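The values are calculated or read from the model by the stated rules, or taken from the named source; none is laboratory data. Because the structure is predicted, anything quoted here is derived from the model rather than measured. Every residue, glycine among them, receives a Cβ derived from its backbone with ideal geometry; neighbour counts consider all protein chains shown. Heavy atoms of the whole protein, side chains included, go into the accessibility calculation; ligands, DNA and RNA do not. Shrake-Rupley method; radii C 1.70, N 1.55, O 1.52, S 1.80 Å.
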Amino acid sequence: MNAIEKERRCKSCGKLLIDENTFCRRCKLKMRNTGGKAGGIISGLFVAALSANSLANDREGKSDVSSPD
Amino acid sequence: MAEKNEIVETGKCELLDIFIEEEDRKGADLLKMSDFFNVFIGKIGAEMKSETEWEVDLDIRGLLGQIAAAIKGGFDISKMGMLVADYSHFSQEIIDGLKEGIYHVGESKEVTGNLRPAILDENEQLVKFFTLKKAINPVEVLSDISALSMQNSLKRISAQIEDVGRDVKGMIDFARRVTLSNKFIYARDKIMSASTAGAEEREDFLKAADTYLMEGLVDLYSDINAQVKKLAEQKGPFASIKAIDTLLSYINEDMQMIPRYVGLRVYLLNFRGKNDETNRILGEYKYQLKTLAESKIGDGKYTALELIHKNYPYDGGNVDFWINQPKEMLAAIGSCEAVLGQSDRDIFYIDAEDNVDECD
């Protein structure tokens, strides 16, 4: 275990770091998981907004066709 | 003035009545049973006290430091001899108090007015009385002393691993646990049969029990290495935390089971008078821990314990457990091995059971 740099600790959990910088592997994975979930929610909302918009456009087009006046 | 005690014979088979709780006698999950260490320590201590001649009422004034060290660590080897503490009757609070300097070793007055060795607090108030005893024939008691120190060390290791194990919220696979407990259950059956058998048949039952325990240990050592290898395969930024936690909880379970198997095996070998074997079993355990601590695995970058540490979700007080604690475990096992080499030294026993005048 001589590779361990004694003074460096994870900024999030305080664990002794072996060869990582700033954050330990565990905290990095947790952050990525959280980031992934947040990204998923945001992209999901974006896709939902796009779908709603295209649906609204569709309806508008249809109502234009049904009223020839 | 030093006094001597009388030797009282105890029934040998009583030493095999180690399965006390219903879960211990009938259960199939080793981790749900008692840890057995207190039973082993109590039985070895009782046999040692009753079958050994002790010199009591010794002057403790020159031994305060060694006594405190022995109570904190279970035993202490120094120039004057070897001191072993009756660990089962010193609470964790006393051990922690001595470590933190809140308590110290000194003397306190009994109700009768005599001064007696005691653990005292900062205000010189009595916490616990104890008696210091010196073995009249150290060679006779050496194997029991060594068994006692081994059980004390294994008990501490087991408790520490159990404690850090609570930090991981992995999936519990009961079928896996039962499979790894099986050999212990078979050994238990043989030990229960041995406790009521005649001398010759008893030895056969105990030999069979030892074989099961040996097989169980081999399974556990193989399993822990397999789990660590799987952990090494969890690479990259998108590794699953759930999968990592499951592997960590399996490793924890194995690490909790191993001291129980080793403890029972060592206890039975001591019962059968095979002291050289006990040291070998402890040596194997030490080798496995050393391999986990020192051999690089996977792509050769990290040891098993470093990998566990990198992935471990420590909770508050346990930070860096897998980096720091195994070194202490190895030192404790090493000291146990050293105990058997002390045959020409005086042996002192710190007995905390008799507390007639205690006022805590």
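Worth a mention:
- Of the chymotrypsin sites (Phe, Trp or Tyr not before Pro) in region B:159-247, the ones in a loop by DSSP (not H, G, I, E or B) with at most 16 other beta carbons within 10 Å are B:Phe238.
- FRET efficiency for the pair B:Asn114 and B:Ala28, taken as 1/(1 + (r/R0)^6) with r the Cβ-Cβ distance and R0 = 60 Å, rounds to 0.70.
- Eligible aspartates and glutamates near B:Lys274 by straight Cα distance, threshold 13 Å, same-chain separation 8 or greater: B:Asp144, B:Glu203, B:Asp210
- Shielding by partners for peptide B:236-243, expressed as the average number of C-beta atoms from other protein chains within 10 Å of each residue's C-beta, is 3.
- Shielding by partners - mean other protein chain Cβ count within 10 Å, residues of B:295-304: 1
- Rolling a 1.4 Å probe over the protein heavy atoms of region B:4-124, with every protein chain left in place, gives an accessible area that is 47 percent carbon and sulfur.
- Surface listing: B:Leu58, B:Leu213 arranged by accessible area from highest to lowest gives B:Leu58, B:Leu213, probe 1.4 Å.
- Solvent-accessible area lost on pairing B with A (1.4 Å probe, both sides summed) amounts to about 1700 Å².
- Environment charge at B:Ala331 (Cβ cut-off 12 Å; Lys +1, Arg +1, Asp -1, Glu -1): +2
- Kyte-Doolittle at least -0.5, axis length at least 15 Å by Cα - qualifying DSSP helices, chain B: B:37-51, B:138-165, B:174-194, B:199-233, B:241-271, B:321-339
- With R₀ set to 56 Å, the beta-carbon distance separating B:Gln342 from A:Lys30 gives a calculated FRET efficiency near 0.70.
- Taking N as its residue count, the alpha carbon Rg of chain B over 2.2 N^0.38 Å: 1.06
- The simple Förster model, with R0 at 56 Å and r as the Cβ-Cβ distance, assigns B:Glu233 and B:Gln125 a FRET efficiency of 0.45.
- Accessible surface computed residue by residue for the protein assembly as shown, with neighbouring protein chains in place and a 1.4 Å probe, gives 49 Å² per residue.
- Which listed pairs, of B:Lys32/B:Lys155; A:Lys15/B:Lys290; B:Lys32/B:Lys230; B:Lys99/B:Lys128, have C-alpha distances above 18 Å, in listed order: A:Lys15/B:Lys290; B:Lys32/B:Lys230
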